[in-house]
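Right, one structure below, let's go through it.
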Amino acid sequence: MTERKQASDYPQELLDIFHEYQHGEISRRAFLDRAAKFAVGGLAMAQALLPRYAQAQTISFTDTRIKASYVTYPSPGGNSGTMRGYLVQPSVQGPRPAVLVIHENRGLNPYIEDVARRAAVEGFVALAPDGLFPAGGYPGNDDDGRNLQSNLDQAKLRTDMLNSARFLKSHKLANGKLGVTGFCWGGGTTNYLAVAMGADLHAAVPFYGAAAETASVPKIKAPILAQLAESDERINSMYPAYEQALKAANVRYEIHTYPGTQHGFHNNSTPRYDEAAAKLAWDRTIAFFKKNLA
């Protein structure tokens, strides 16, 4: 088996080009073309940065500790009025604290489904909504998924996530305590939900997500655990003002920045993944949820 590469094996300039591609600023073709001109072997390195979802599975969908299914539910005011999500529950009986897992900017891909299973084996009932359901669902590849998501009405997409949170909180499997975590676009949406839900949300863990508008921070009642990458200038530049607003509003919060990491360091389907930082960040996430959703 070929040894798996890590972010440190790549030039930062190439990682920056990949970041542009991941956020829809350039096309896949432009990404590969620019990478090919970067250096000898640049195209091969660029192709190795693309997701490998077989590597991302850490909890099998047949794991006996969990039960998983796809569910549909109403979403008034959303992109189609109906949503679909991946619901994973622990095999143990009884209502459980709930965690909403929000995907990146390309829909409910296998990595995010695996994160929902990871939450379930820790004792939470988890729901990973597919924001692309109104457009036909995650299409099986991130390029098409990214295009589909960018073409949705973004305000209605956020409404779909808000409705997903409310659906999960009131689900018969849940005990009424709700946490939210999300990655990239999902991280920004986690901060948004902290504002939108107020006291109805009990814990929020955004991973490298856009900060909430500072004027809206006083609406936040849930404790915040923000997980940031060191090399993520656009996102990190938002956090000094966000932190100041959280302090002023007396919101309980923690902000952790992981040295040597790139945006997306938790996503174990690409070489931006940093195993040590991802494990520490996830351990902190689970401990935070267990503390605040008990």
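Looking for something open to solvent by 20 Å² or more (accessible area, probe 1.4 Å) and farther than 21 Å from A241 by Cβ - is there at least one such residue anywhere in the stretch 181-192?
no
Tell me whether the stretch 155-168 contains one or more residues that are over 20 Å from F207 (Cα atoms), small (G, A, S), in contact (Cβ under 8 Å) with a residue 60 or more places away in the chain and open to solvent by less than 20 Å² (accessible area, probe 1.4 Å).
Checking the stretch 155-168: not a single residue is over 20 Å from F207 (Cα atoms), small (G, A, S), in contact (Cβ under 8 Å) with a residue 60 or more places away in the chain and open to solvent by less than 20 Å² (accessible area, probe 1.4 Å).
Of the residues E213, E230, E254, which single one is without any contact (Cβ under 8 Å) to a residue 60 or more places away in the chain, touching a strand residue (DSSP E or B) at 6+ places or on another chain (Cβ under 6 Å), open to solvent by 60 Å² or more (accessible area, probe 1.4 Å) and within 15 Å of T190 (Cα to Cα)?
Checking each option against the conditions leaves just E254.
Mind listing just one residue for me: the one in the stretch 50-89 that is under 19 Å from the mean Cα position of the chain (by Cα) and charged (D, E, K, R) and, of those, nearest to R117 (Cα to Cα)?
So, considering only residues that are under 19 Å from the mean Cα position of the chain (by Cα) and charged (D, E, K, R), the one nearest to R117 (Cα to Cα) is R84.
For a quick check of your reading: which strands (runs of 3 or more DSSP E) sit entirely within the stretch 10-125 and have at least 1 residues that are farther than 23 Å from T190 by Cβ and at pLDDT 95 or above?
66-74
For the stretch 130-239, which fully contained helices (runs of 4 or more DSSP H) count at least 1 residues that are of a type in the set (S, T, Y) and more than 14 Å from the chain's Cα centre (by Cα)?
Fully inside the stretch 130-239 and qualifying: 142-151, 154-169.
Here is a check on your reading of the model: is A277 touching a strand residue (DSSP E or B) at 6+ places or on another chain (Cβ under 7 Å), outside any helix (DSSP H, G or I) and not aromatic (F, W, Y)?
When the stated conditions are applied, A277 does not pass them.
Specify the residue that is nearest to R52 (Cα to Cα); the eligible residues are those in the stretch 257-274 that are open to solvent by 20 Å² or more (accessible area, probe 1.4 Å) and among the hydroxyl-bearing types (S, T, Y).
In this case the residue turns out to be Y273.
Could you say which residue among G176, G123, G131 is of a type in the set (G, A, S) and more than 26 Å from P95 (Cβ to Cβ)?
Testing whether each residue is of a type in the set (G, A, S) and more than 26 Å from P95 (Cβ to Cβ) leaves just G131.
Let's see how each residue does on (1) open to solvent by less than 30 Å² (accessible area, probe 1.4 Å); (2) of a type in the set (S, T, Y); (3) in contact (Cβ under 8 Å) with a residue 60 or more places away in the chain:
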position: I59; (1), (2), (3): yes, no, yes
position: V88; (1), (2), (3): yes, no, no
position: V92; (1), (2), (3): no, no, no
position: I102; (1), (2), (3): yes, no, yes
position: G136; (1), (2), (3): no, no, no
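The values are calculated or read from the model by the stated rules, or taken from the named source; none is laboratory data. Computed from a prediction, not measured in an experiment: that's the story for all the values here. Here the Cβ is made from the backbone with ideal geometry for all residues, glycine too, and neighbour counts use every protein chain on show. When the accessible area is computed, the model is the full protein with side chains, heavy atoms only, and any ligands, DNA or RNA have been set aside. Shrake-Rupley method; radii C 1.70, N 1.55, O 1.52, S 1.80 Å.
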